[in-house]
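Take a look at the structure set out below.
Only the coordinates and a few stated rules stand behind these numbers; no lab work does. Predicted, not measured: the structure shown is a model, and the values here were computed from it. Reconstructed Cβ throughout: ideal geometry from the backbone, glycine too, with neighbour counts over all protein chains shown.
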Amino acid sequence: MSTDLLAIQARAEELRRLINYHNYRYYVLDQPEISDAEYDRLMNELREIEAAHPELQSPDSPTQRVGATPAEAFRVVQHRIPMLSLANAFSEEQLRAWYARATRLAGRELRGFTVEPKVDGLAVSLVYEERRLAVGATRGDGFHGEDITQNLRTIRRVPLSLPEQAPRVLEVRGEVFLSKDAFRRINDERAREGQPLFANPRNAAAGSVRQLDPRITARRPLDIIIYQVGWYEGGELPRSHWQTLQCLKELGFPVNPANVYCDTFEETVRCALAWEQRRETLDYEIDGAVIKIDDLDVQRELGEVGREPRWAIAYKFPPTQATTKLLDIGINVGRTGSLNPYAILEPVQVAGVTIKLAALHNEEDIRRKDIRIGDWVIIQRAGEVIPQVIGPIVSRRTGQERPFELPATCPACGTPIERVPGEAMARCPNWFGCPAQRYERLKHFVSRDAMDIETIGEKLAEALFRSGLVQDVADLYSLTKEQLLTLERMGDKSAQSVLDNIAASKNRPLARLIFALSIRHVGLQTAQLLAAHFKSLDALMAATVDEIDAIEGIGPKIAESVVEFFAAEENRKVIEKLRRAGVRMQDDGGGRDGLPLAGLTFVVTGRLQGYTRLQIEQRIRELGGQVADSVTKKTTHVIVGEDPGSKAARARQLGKPMLDEAAFEALVAERSAKRQ
Ligand code: IVH
């Protein structure tokens with residue numbers, strides 16, 4: 001080799017080392033040291049060298065992540081040590097039974113466990129020879145997998161080479177997965193291209209990593225975490241699993257930062273069970289928590305039964321997905337006339353709850369996902385939200401399924417429906433005559449975030465509407481006790497409390513009233529902006545589109561909708577009736593300065609016990625405070641709930657007072673007392 005070429009080779013190696021180092025800082029430690037532009041410069045320089053001197057190319061070069069040529073089929077790889085699976089525990093009791101058995105077999109009380117989120121993806125093995133990635137393979141049947149090295153190379157967080165201190169030969173195991181967000185984007189793209197949808201992130205990850213063309217894999221934002229060492233030679237690793245994980249991180253592997261070490265089994269159980277609630281806070285799907293005994297000597301002692309180790313167990317959450325038959329598609333008419341299709345399902349159990357109905361969004365969404373009546377569909381129930389139909393199982397079609405057609409007329413009032421170009425929702429334009437819309441508006445008017453007439457629940461609202469006693473929301477204020485007593489199951493006492501509750505609602509802040517009116521596109525936040533700006537309903541009613549549009553945070557679509565609402569004769573009549581009934585229609589001028597939280601600006605982060613996000617924000621505003629999205633110099637207090645985000649860290653950095661809910665209530669009480 002000429003001296004020139006030697007110098008170029010040295011530079012190429014230097015660049016590879018630098019790029020690998022910066023990849024590690026960026027992808028594993030999340031602490032980049034250089035800008036993206038500087039990184040790109042290093043990468044380009046290396047690409048140029050490799051293009052000019054193909055003999056200097058190397059398969060572990062960071063330039064090789066993009067994927068080379070498509071393969072015909074995957075080569076079969078034999079795992080030197082079988083890749084085991086895990087026994088499952090579906091309850092706390094089964095978890096305890098596992099521990100009891102392990103204790104008995106070990107002949108002593110066991111201490112020291114790790115609890116790791118069970119990432120729902122695809123198990124892979126990475127073999128490093130002479131500290132370079134040599135083979136990446138799927139788990140396959142545990143003994144033989146498929147060689148997907150090319151594809152695994154495309155994943156940014158897979159180190160292509162390891163530092164000096166790594167064992168000479170090392171096999172690690174981990175899980176390849178997609179974030180929830182990436183999964184959604186891939187499915188959106190597939191829907192646009194008319195391809196069948198992936199049922200869940202795991203399938204999407206498996207489909208992506210098993211692509212014969214690595215260029216396709218490279219375009220999928222796959223990620224990986226490493227959770228285990230398979231075997232190693234020519235080096236030392238700790239005899240504790242937890243320490244091994246720390247060591248893997250130092251070698252450049254992405255180890256899950258959500259893993260924890262627990263000393264006692266009680267702590268371990270608590271931690272594993274807690275993940276079921278916390279899973280929503282992760283941006284990737286998990287289907288359980290993996291518990292492992294930390295001491296590797298104890299692991300070896302306990303060994304395995306069949307293909308499952310005795311030293312580890314997966315605590316599995318109840319599945320949140322199920323498949324069932326879509327019997328029909330119903331249509332619900334919303335309070336502003338939108339026609340909302342929903343799925344009528346053959347009843348099915350999901351996470352302990354029987355599901356008969358699920359959300360379907362809108363007509364366009366149904367068409368996009370090609371959901372047909374009679375299809376087998378995948379449904380998902382996450383947390384407290386309404387179950388969703390994810391998509392059809394196309395392979396189970398019999399040919400009897402029929403596409404969904406939105407009716408030409410409103411199912412509640414028969415008026416021809418309207419479609420606005422560019423809007424996903426079809427609507428019933430019969431604002432005043434359509435009984436479904438009027439009933440939905442009544443329910444909304446009394447709801448908690450609106451006029452908060454809590455004694456009128458769904459049943460009573462329906463009875464009031466059906467009996468004709470309440471035809472529009474203003475009729476609530478002329479109800480008499482005699483009228484209420486004509487309703488079924490209504491006693492004197494409850495009638496009185498309904499009337500008291502209605503009377504109390506006359507005095508709600510202006511923002512709630514505006515929100516309660518069901519103006520299209522006006523949610524609680526917009527209503528708050530409108531109230532703060534106009535201070536009275538009369539001023540808002542007299543405003544032009546331009547005046548409303550000029551308010552920060554409000555766009556032309558909302559402005560037009562507000563003006564259109566107040567221009568309608570029927571709406572003005574209802575408002576006059578409300579006025580005559582004594583419903584407050586302005587916020588007291590200047591009164592805000594006297595409110596307990598006047599002058600304070602709050603940021604809220606994390607989950608609270610006693611409030612939803614909307615409720616706490618509303619409470620702060622009603623007490624005269626302001627709510628902001630991010631922590632800045634202007635922030636005076638940060639309310640911190642469970643699992644707070646980066647805002648809490650920022651608040652700490654800026655030295656802002658942090659309050660939990662109790663401290664917030666104490667602050668309100670203290671400031672209210674001062675003002676009396
Ligand atoms: S340990 C012998 N740790 O769960 C132990 N597995 O049902 C082998 N998984 O095949 C696995 N996260 O695909 C382990 N932190 C974790 C895991 C994990 C996800 C998957 C893995 C495995 C399956 C077992």
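A few comments on the model shown:
- Low-density loop positions, GluC sites (Glu not before Pro), the range 215-282 - DSSP coil, at most 11 other Cβ in 10 Å: 236
- Applying the criteria of a DSSP loop state and at most 14 other Cβ atoms within 10 Å to the GluC sites (Glu not before Pro) of the range 542-588 yields 552.
- Cα-based shape type of the range 249-336, given that a ≥ b ≥ c are square roots of the gyration tensor eigenvalues and the cut on a/c is 1.5: prolate
- The slack between residue 143 and residue 394, meaning 0.36 nm per residue of separation minus the straight C-alpha distance, is 87.2 nm.
- Longest site-free stretch - the chain; sites: trypsin sites (Lys or Arg not before Pro), DSSP loop, at most 10 other Cβ within 10 Å: 109-488
- Each Lys and Arg contributes +1 and each Asp and Glu -1, all at the Cβ; summed about the Cα centre of the chain, the dipole is approximately 1080 debye.
- Farthest positive-ward along the chain dipole, Cα basis, beta-carbon charges - from 653, 664, 35: 664
- For the range 452-567, averaging the sequence separation of C-alpha pairs within contact (under 8 Å, six or more residues apart) and dividing by the residue count gives a relative contact order of 19 percent.
- Pairs over the 20 Å Cα-Cα cut-off, from the set 249/316; 459/481; 459/493; 506/573; 180/369; 180/292: 249/316; 180/292.
- Selection among 7, 625, 442 by position relative to the dipole of the chain gives 442 as farthest towards the positive end (Cβ unit charges, Cα centre).
- Taking amide H positions as modeled 1.01 Å from N, with prolines and chain starts lacking one, the residues under 5 Å from residue 447 and 5 or more places away or on another chain are 452, 453.
- Shown for 216, 329, 293: other C-beta atoms within 10 Å of each C-beta, ranked fewest to most, produce the order 216, 329, 293.
- Listed as lacking a disulfide-compatible partner in the chain: 247, 262, 271, by the criterion of no other cysteine Cβ under 4.7 Å.
- Inter-part distance, the range 347-405 to the range 457-533, computed on C-alpha centroids, equals 35 Å.
- Working from label points 7 Å from Cα in the Cα-to-Cβ sense, the residue 264 to residue 557 distance is 5.5 nm.
- Sites residue 653 and residue 609, calculated FRET efficiency, Cβ-Cβ separation with R0 25 Å, nearest 0.05: 0.45
- When 21, 342 are sorted by how many other C-beta atoms sit within 10 angstrom of their C-beta, beginning with the fewest, the order is 21, 342.
- The alpha carbon centroids of the range 113-144 and the range 252-330 are separated by 17 Å.
- With neighbours defined as other Cβ atoms within 10 Å of a residue's Cβ, the residues 533, 79 order from fewest to most as 533, 79.
- Placing pseudo-labels 7 Å out from each Cα toward the beta carbon at residue 81 and residue 492 gives an inter-label distance of 8.0 nm.
- Chymotrypsin sites (Phe, Trp or Tyr not before Pro) restricted to DSSP loop in the range 144-247 with at most 11 other C-beta within 10 Å: none
- Charge dipole magnitude, Cβ of K and R +1, D and E -1 - the range 470-608, Cα centre, debye nearest 20: 500 debye
- Three-way shape label, the chain, alpha-carbon gyration tensor, a/c 1.5: prolate
- Residue pairs, from the table 535/557; 443/577; 356/443, whose Cα atoms sit over 30 Å apart: none
- Length available on full extension from residue 11 to residue 106: 0.36 nm per residue minus the Cα-Cα distance, which gives 28.7 nm.
- Full-stretch length increase - residue 3, residue 305 - with 0.36 nm per residue and alpha-carbon distance subtracted: 102.8 nm
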